[in-house]
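The values are calculated or read from the model by the stated rules, or taken from the named source; none is laboratory data. Computed from a predicted model, the values in this text were never measured in an experiment. Because the Cβ atoms are built from the backbone with ideal geometry, glycine has one as well, and the counts that use them run over all protein chains shown. The protein model used for the area step is the full one, side chains on, heavy atoms only, and it has no ligands, DNA or RNA in it. Shrake-Rupley method; radii C 1.70, N 1.55, O 1.52, S 1.80 Å.
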Amino acid sequence: MDPMWYRPLLDGLLADSPLTDPAVLQDVRDFLVAGEYALAFDTMCSWIHEDDLHIDAAYYDRLLEMSEEMGSEELVAAIRELVSGRPAGSGE
């Protein structure tokens, strides 16, 4: 994928994320503005995992797709347990 598409995809993930802490949201936005897309994505995923924020399967699938672009598959795999309505250990 062309990196010029990272920004709108990451903006969408951030807008739909369960993150609510204004400081975290601002940090991710600052990384996006600076063109630090991998850092923005990793920060977003790390806080979702750290704060045990539940996400739906569709959102997880979007994270998984982006992780393949960003090289963050392990980080997103750690979030799998936070997916509502998905059996533990399910990769679907």
query = Is there any pair with a first residue in the range 31-43 that is within 11 Å of Asp11 (Cβ to Cβ) and a second that is among the β-branched types (Val, Ile, Thr) and assigned to a helix (DSSP H, G or I) whose Cβ atoms are under 8 Å apart and which are 6 or more apart or on different chains, and what are they?
reply = Ala40/Val28
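Filter the range 5-22 for residues that are small (Gly, Ala, Ser) and either in contact (Cβ under 8 Å) with a residue 60 or more places away in the chain or in a helix (DSSP H, G or I) (or both); which is most open to solvent (accessible area, probe 1.4 Å)? Walk me through it before giving the result.
Of the range 5-22, the ones small (Gly, Ala, Ser) are 12, 15, 17.
Now drop any that are not either in contact (Cβ under 8 Å) with a residue 60 or more places away in the chain or in a helix (DSSP H, G or I) (or both), which leaves 12, 15.
Details: Gly12: 24, Ala15: 82 Å².
My answer is Ala15.
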message = Just to be sure before I move on: is Asp51 closer than 22 Å to Glu81 by Cα and out of contact with any His (no Cβ under 9 Å at 6 or more places or on another chain) in the structure I sent?
response = yes
note = Taking the range 23-66 and keeping only residues that are of a type in the set (Ser, Thr, Tyr) and open to solvent by 30 Å² or more (accessible area, probe 1.4 Å), one is left with Tyr37, Ser46
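Could you count how many residues in the range 78-92 are in contact with a Leu (Cβ under 8 Å, 6 or more places away or on another chain) and either at pLDDT 95 or above or more than 19 Å from Leu9 (Cα to Cα) (or both)?
Restricting attention to the range 78-92, the residues satisfying the condition of being in contact with a Leu (Cβ under 8 Å, 6 or more places away or on another chain) are 79, 82.
Subset that is either at pLDDT 95 or above or more than 19 Å from Leu9 (Cα to Cα) (or both): 82.
Residues meeting the conditions: 1.
Within the range 41-88, can you find the residues that are assigned to a loop (DSSP other than H, G, I, E, B), more than 11 Å from the chain's Cα centre (by Cα) and not acidic (Asp, Glu)?
Leu53, His54, Gly71, Gly85, Arg86, Pro87, Ala88
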